[in-house]
Amino acid sequence: AHKKITKVCCLGAGYVGSPTSAVIAHKSGDLQVTIADISTERISRWINATNEKELPIYEPGLFDVLECRGRNLHFTADIDKAIEEADLIFVSVNTPTKKKGMGAGFAADLGYVESATRRIAKVATSDKIVVEKSTVPCRTAQSMRKILEANGKPGVHFDILSNPEFLAEGTAIKDLLSPDRVLIGSLDNDRGKSAAASLAEIYANWVPRERIITTNVWSSELSKLVANALLAQRISSINAVSAICEATGADVDEVAYACGLDTRIGPKFLKASVGFGGSCFQKDILNLVYLSESLHLPEVAAYWKQVVDMNEYQKSRFTKRVIQSLFNTLTGKKIALFGFAFKKDTGDTRESAAIALAKNFVQEQCQVSIYDPKVEEQQIWLDLSEPGVDSSLTEAKKYVTIAKDAFEAAKDADAIVIATEWDAFKDTELDYEKIYEQMNKPAFIFDGRLILDSKKLEKMGFKVEVIGKTRSELSFE
Ligand code: UDX
Ligand code: UDX
Ligand code: ADP
């Protein structure tokens, strides 16, 4: 028999913690859900937002599931009280890649997870189920368990579960409402299994039982890294093929379509692009690389590292194509960068390919005008300057401007570069004739996301260059 949970709390009101907790509350009327964060500013935005725009993150459908705010969904900065009252605690804090020290650039910085865990140990006066939700390297649950056991009050028992979140940004609410699977890892003993059953019961409020799977903790932790590595590998594979297409006259969309029809391969995650971004893919693969190295498996590490290397290559290859097409110099020219988020339907810019492109163009002493429908201006400046180096922001501001719409960005520009696949940038949505009139000639458009109808734009007069499609100067007739 397992314990029925009545109160849960979630530490971390970010991209993962908030949407997940909101959906849990929305689907479980008899459960009290509290989200706690160390940032009081963030918490007050979650509490006070009266519309989608005022929320700390943009996610389609998020505002609707927040309908239960004040009823069974609560936001607070009083972390200790939230911990104390909960039977089950999700730990959903940030796990950035380490910038310094051992494993810098590869290993995850577990400082936030550790401090949240220590807080739980210190505060708890009753038994708790502690759920590792943040994407973390294998064996983190073990470290959390040791910290809890060494620091908990006498007689207080902790059970550790791993319950990785598989949602993708931009479709978070949809993914949470009908997940392909919910994965719960527990210790292979009665207490562990009973804790897993308690958590499974919450998800069973809306997820079919056969999609809730339980494994041991290590399998659960590793599955999260591997799922992301396999997805990213598909993108790097098709991006590698895009380079072959450009050199041969094959069309990467046609190749992806033909291969994707084989059900063993399938059509998803075969969209060539200027490179994948986001907070997970690169981070998780590098975690996998680091893990492989720690296990003395250098060949395995090198194999996965290549997925990330291919992604870097794709970004620099695309930059080179822009420079070559613009007669080998960008100096003094103006480029309109359409999109700054790492994908459409999110305002998140973490590891976005657009950051690399903008920096590359600035290096070429080119004016860059950026327009993104959801990314906040402040965030763009943050991404384009080095942390703690004031002069890098001054330097960025010399070359970069932020436009209020696509027309302003493209005015007097020599080229448009599409970095994010926002629907608003499609030729069915945006008046490219009007944009063309206001650009320098020849007017170039570089489609890094394969969202445009090149023939239509060529008719307007544009010189169109698309990832994975023959360069116009090579044109096979
Ligand atoms: C393959 C392609 O499947 C087929 O579409 C193409 O036309 C020819 O090449 P084949 O080589 O006959 O066909 O067999 P396949 O079933 O693809 O298996 C290839 C190898 O992979 C076998 O050694 C098989 O045992 C192995 N395999 C397959 C695995 O090890 N794991 C798997 O999950 C699938
Ligand atoms: C990813 C995983 O999909 C999700 O399961 C995991 O929980 C978190 O990491 P996310 O990073 O939000 O989610 O977005 P995703 O849709 O996977 O896209 C990642 C990057 O790959 C984006 O930059 C996207 O534009 C790019 N991408 C995706 C492609 O370039 N081509 C594709 O075919 C798919
Ligand atoms: P993710 O994409 O993994 O959700 P985010 O950076 O969006 O990551 O969110 C993580 C959140 O966790 C941040 O809002 C941060 O303030 C919060 N956080 C970090 N440490 C703690 C902690 N010890 N207790 C509660 N919240 C924390």
Give me a comma-separated list of calculated 3J(HN,Hα) values for segment 35-42, in order, Karplus coefficients 6.51, -1.76, 1.60 applied at θ = phi - 60°, integers in Hz, x for any Gly or Pro. 9, 10, 9, 6, 8, 5, 4, 4
Out of residues 5 or more away from LEU73 or on other chains, whose amide H comes under 5 Å of its own, with H placed 1.01 Å from N in the peptide plane? VAL33
Would you mind checking the tilt of helix 281-294 against the longest principal axis of the Cα atoms of the chain, expressed as 0 to 90 degrees and rounded to 10? 60
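Highest mean first, what order results for 278-291, 386-399, 230-243 on Cβ atoms within 10 Å?
Descending packing order for the listed peptides: 278-291, 230-243, 386-399.
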Can you put THR97, THR50 in order of Cβ neighbours within 10 angstrom, beginning with the fewest? THR50, THR97
Relative contact order, percent, the chain [alpha-carbon distance under 8 Å, six or more residues apart]: 12
For segment 264-277, what does the Karplus curve 6.51 cos²θ - 1.76 cosθ + 1.60, with θ = phi - 60°, yield as ³J(HN,Hα) per residue in whole Hz, taken in order and with x for Gly and Pro? 5, 9, x, x, 7, 6, 10, 8, 5, 7, 6, x, 7, x
Given 0.36 nm per residue, what is the gain on full extension from MET102 to LEU230 after removing their alpha carbon distance, in nm? 43.5 nm
Bin width 5 Å, origin at 0, all Cα-Cα pairs of segment 127-253: what percent of pairs per bin? 2, 10, 16, 17, 16, 11, 8, 6, 5, 3, 2, 1, 1, 0, 0
If a/c stays under 1.5 just call it rounded; otherwise compare a/b with b/c (prolate if a/b is bigger, oblate if not). Do that for segment 7-207, with a ≥ b ≥ c from the square roots of the Cα gyration tensor eigenvalues. rounded
For the ranges 309-321, 247-259, what's the packing order if you count other beta-carbon atoms within 10 Å of each residue, average per peptide, and put the highest first? 309-321, 247-259
With 0.36 nm assigned to each residue of separation and the Cα-Cα distance removed, GLN363 to GLU429 gains 20.6 nm
Applying the Karplus parametrisation 6.51 cos²θ - 1.76 cosθ + 1.60 with θ = phi - 60° to the phi angles of segment 456-462, what ³J(HN,Hα) value in whole Hz is obtained for each residue in order, glycine and proline being reported as x? 4, 6, 4, 4, 6, x, 5
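Over all distinct Cα pairs, what is the inverse of the mean 1/r for segment 276-404, reported as the Kirkwood hydrodynamic radius in Å?
This gives a value of 16.0 Å.
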Kirkwood radius from Cα pairs of segment 245-290 plugged into Stokes-Einstein at 25 °C, 0.890 mPa s, gives D in µm²/s equal to 194
Bridge orientation stat for the chain from DSSP, antiparallel percent rounded to 5, came to 5
Percent of all Cα-Cα pairs per 5 Å bin for segment 217-354, counting from 0 up to the last occupied bin, reads 2, 9, 15, 19, 18, 17, 11, 5, 3, 1, 0, 0
Gyration tensor (alpha-carbon) shape descriptor, segment 391-456, a/c threshold 1.5: prolate
Tell me which residues come under 5 Å, amide H to amide H, from LYS463 once H is placed; ignore anything under 5 positions away on its chain. ALA443, PHE444, ILE445
P(r) of segment 232-466 over all Cα-Cα pairs, binned every 10 Å from zero, in whole percent: 8, 31, 36, 19, 6, 1
Holding the Cα-Cα limit at 31 Å, pick out from LYS4/LYS100; LYS27/LYS271; LYS224/LYS456; LYS397/LYS456; LYS344/LYS441; LYS98/LYS469 the pairs that are longer than that. LYS4/LYS100; LYS27/LYS271; LYS224/LYS456; LYS397/LYS456; LYS98/LYS469
What's the whole-number percent of alpha carbon pairs in segment 93-171 lying beyond 21 angstrom? 34
Equivalent-ellipsoid semi-axes (√(5λ), Cα gyration tensor) for segment 3-124, whole Å, largest first? 25, 19, 12
Over segment 232-466, what is the relative contact order in whole percent, taking alpha-carbon pairs under 8 Å and six or more residues apart? 17
Determine one quarter of the surface area of the Cα convex hull of the chain, which equals its mean projected area, and express it in nm² to one decimal. 24.0
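Coordinate-derived values only; no laboratory data. As the structure is a prediction and not an experimental result, all values here were calculated from the model. All Cβ positions, even for glycine, are placed from backbone atoms using ideal geometry, and neighbour counts span all protein chains on display.
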